[in-house]
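Here the structure is laid out as structure tokens; the discussion comes afterwards.
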Amino acid sequence: MNKLAFIVTLSLYSGILMAQKPVPVKPRILVSTDIGGTDPDDNQSMAHLLMYNEKFNIEGLVSSPSYGKGNKEEILRMIDLYEKDLPKLMQHQSGLATPNYLRSVTKQGVHGNAPYIGYSTATDGSNWIIKCAKKKSTQPLWVLGWGGLEDVAQALHDAPEIANKIRVYWIGGPNKKWSANSYAYIVEHFPNLWFIEVNSSYYGFFSNSNSLDSVKSSDYYDRYIQAAGYLGKDFKSYYKGDVKMGDTPSLLYMMDGDLNNPERESWGGSFDRFNHSSRVVFNRLTTIVDTVAFCTVVEFHLKEPEVNVPAESVCFWMETTYKNNVQKWSGYYLGKGEYAIRYVPKQAEVLNYKFTSNIPNFPTQEGKLVVDNLWPGKSHTTDYLLGTHWYTDKGDPKLYDGKIEGGKTILKWRRDILLDWAKRWEWLK
């Protein structure tokens, strides 16, 4: 797109861009990310954060890969790209963070998911969360979760007094699948935490629905980024430049309006208060007649041979298949012949699973489970009961984006968001 056409396009939507409301106070944020792992959308979201960082007081960038090979070196690599683009950004925007400052708050958290108990040992990342949370401030520390909850759970376990000093906006969904144990620990022991659990709405940011959208995620790179700057050239490395950025709604929420009111409309979505987080416990294999909501914490408790292994030992596995790949989930020995595993289904499906173990006389067992897309679903006596500040995707059927619960609460702003970002990409050309 030439410069004149770009200006005309922005002019056409100038009224729409005014829909964004000012944030009363620049928020304190700490980003927990699995960047560098199996899903490169975190790199796209990191580029967005770096290009808009003057809007936040960034207190931490923590690598928290509950799955995959994410690491803080990937955060540092992104900061290096930002440093090369910074002179051009500074020509248009003041208040941008220095690269050395951003490097100083980048920390490595846990690698891998938590055991059944929900926490393990402290990391530089979890200790940094504690340190930031304990700073004297009239504002809370917003922890924006782009990956696992392991470092958040560890921080809360090691310093439970920070629970009233932090607020969490967490991109759940697949991350909840990997962080089932740390999530269970947090929701059981800290029900009064201020927590926005986004299990599906964020899909609206990159869904295939374009009925409201003249700016498509599939052609955004070619129309607006065009390899602008070092960050723009790098952007093409992820999904061939298609915009996914499933974690970006956490940033968008911080950029639009009253952060104390998740039920409002905002670029980062609109959410309902909810009082129970779905948990279903089975003491048997399930069949096609058993149904749970997606993102439910499903626990299987099995009675099998008593063995002489330490409690909390991984000694059996639940095998599932995703995109023709077998995934294995760790099951634990709780003692006295009791075995347990938590599993969180991330989508509506008929789930086929198999339990396997190397323990003698532990039989291979197979089951099925029907998963629907109505989160949090009906109440169960085994649910986690929540305090007054837990929020999640809106359940209104009119706000579904296809099968995506709450998807339209973000989809409706996608054009505004991407055109606003297009102005900053233009700065780098």
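When the residues of the range 266-287 are filtered to those that are touching a helix residue (DSSP H, G or I) at 6+ places or on another chain (Cβ under 7 Å) and in a loop (DSSP other than H, G, I, E, B), the one that is surrounded by the fewest Cβ atoms within 10 Å (Cβ to Cβ) is Ser270. If you check Trp421, Trp427 for being buried (at least 18 other Cβ atoms within 10 Å of the Cβ), of a type outside the set (A, V, I, L, M), in contact with a His (Cβ under 9 Å, 6 or more places away or on another chain) and in contact (Cβ under 8 Å) with a residue 40 or more places away in the chain, only one passes: Trp421.
The C-beta contact set for the range 287-306 (first residue of a type in the set (Lys, Arg), second residue in a loop (DSSP other than H, G, I, E, B) and loosely packed, with under 13 Cβ neighbours inside 10 Å, distance under 7 angstrom, 6+ apart or interchain) comprises Lys303/Gly337. Only one of the numbered conditions (1) within 20 Å of the chain's Cα centre (by Cα); (2) within 15 Å of Ile29 (Cα to Cα); (3) not in a helix (DSSP H, G or I) is not met by Ile129, and that is (3). Going by what's in this entry, would Val307 be described as surrounded by 14 or more Cβ atoms within 10 Å (Cβ to Cβ), hydrophobic (A, V, I, L, M, F, W, C) and part of a loop (DSSP other than H, G, I, E, B)? When the stated conditions are applied, Val307 passes them. For the range 46-66, a residue qualifies if it is in a helix (DSSP H, G or I) and farther than 18 Å from Tyr238 by Cβ, and the qualifying residues are Asn53, Glu54, Lys55.
Any residue that is over 19 Å from Val298 (Cβ atoms), aromatic (Phe, Trp, Tyr) and surrounded by 24 or more Cβ atoms within 10 Å (Cβ to Cβ) - is there at least one of those in the range 185-198? Yes, the conditions are met somewhere in the range 185-198.
Taking the range 67-103, which residues are assigned to a helix (DSSP H, G or I) and among the β-branched types (Val, Ile, Thr)?
Taking the range 67-103 as the starting set, the residues that turn out to be assigned to a helix (DSSP H, G or I) are 72-90, 99-103.
Of everything in the range 67-103, those that are assigned to a helix (DSSP H, G or I) and among the β-branched types (Val, Ile, Thr) turn out to be Ile75, Ile79.
Considering only the range 194-215, state which residues are among the small types (Gly, Ala, Ser), in contact with a helix residue (DSSP H, G or I) (Cβ under 8 Å, 6 or more places away or on another chain) and modelled with pLDDT of 95 or more. Once the filter is applied, which keeps residues that are among the small types (Gly, Ala, Ser), in contact with a helix residue (DSSP H, G or I) (Cβ under 8 Å, 6 or more places away or on another chain) and modelled with pLDDT of 95 or more, the range 194-215 yields only Ser201. Against the definition (small (Gly, Ala, Ser), touching a strand residue (DSSP E or B) at 6+ places or on another chain (Cβ under 9 Å), farther than 26 Å from Pro140 by Cβ and touching a residue at least 40 places away in the same chain (Cβ under 8 Å)), how does Ser217 come out, yes or no? The answer is no for Ser217.
Does Thr33 count as on the phi < 0 side of the Ramachandran plot and surrounded by fewer than 20 Cβ atoms within 10 Å (Cβ to Cβ)? Taking the combined requirement at face value, the residue does not satisfy it. Considering each residue of the range 174-187 in turn, at least one proves to be touching a Cys at 6+ places or on another chain (Cβ under 7 Å) and touching a residue at least 60 places away in the same chain (Cβ under 8 Å).
Let's see how each residue does on (1) of a type in the set (Lys, Arg); (2) out of contact with any strand residue (DSSP E or B) (no Cβ under 9 Å at 6 or more places or on another chain); (3) assigned by TED's automatic domain parsing to the domain that holds Ser250:
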| position | (1), (2), (3) |
| --- | --- |
| Tyr322 | no, yes, no |
| Ala348 | no, no, no |
| Thr356 | no, no, no |
| Lys368 | yes, no, no |
| Gly407 | no, no, yes |
| Ile417 | no, yes, yes |
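Looking across the range 339-371, just one residue is surrounded by fewer than 15 Cβ atoms within 10 Å (Cβ to Cβ) and acidic (Asp, Glu), and that is Glu366. Taking the criterion of being part of a helix (DSSP H, G or I) and crowded, with 22+ Cβ neighbours inside 10 Å, the residues of the range 111-126 that qualify are Gly125, Ser126. The set of residues in the range 57-79 being within 19 Å of Trp425 (Cβ to Cβ) and not β-branched (Val, Ile, Thr) consists of Met78 alone.
Among the residues of the range 40-76, which ones are among the basic types (Lys, Arg) and over 24 Å from Ser94 (Cβ atoms)? Don't jump to the end; show me each part of the working.
Pass one, the range 40-76, residues among the basic types (Lys, Arg): 55, 69, 72.
Result: Lys69, Lys72.
Could you please let me know if Thr286 is at pLDDT 95 or above and either in the same structural domain as Ile166 (by TED's automatic domain parsing) or closer than 21 Å to Lys177 by Cβ (or both)? Reasoning before the result, please.
On the way: at pLDDT 95 or above: yes; either in the same structural domain as Ile166 (by TED's automatic domain parsing) or closer than 21 Å to Lys177 by Cβ (or both): yes.
Here the answer is yes, as Thr286 does meet what is asked.
Do we have Asp272 as in contact (Cβ under 8 Å) with a residue 12 or more places away in the chain and more than 20 Å from the chain's Cα centre (by Cα) here? So Asp272 does not fit the description; no.
Any idea which of Lys131, Lys55 is out of contact with any Lys or Arg (no Cβ under 9 Å at 6 or more places or on another chain), closer than 27 Å to Val198 by Cβ and not aliphatic (A, V, I, L, M)? I'd like the intermediate steps shown before the answer.
Numbers: Lys55 fails: out of contact with any Lys or Arg (no Cβ under 9 Å at 6 or more places or on another chain).
That would be Lys131, the only listed residue that is out of contact with any Lys or Arg (no Cβ under 9 Å at 6 or more places or on another chain), closer than 27 Å to Val198 by Cβ and not aliphatic (A, V, I, L, M).
The values are calculated or read from the model by the stated rules, or taken from the named source; none is laboratory data. Here the structure is a predicted model, which is why all the values come from computation and not from measurement. Cβ coordinates were reconstructed from backbone atoms using ideal geometry, including for glycine residues, and neighbour counts include every protein chain displayed.
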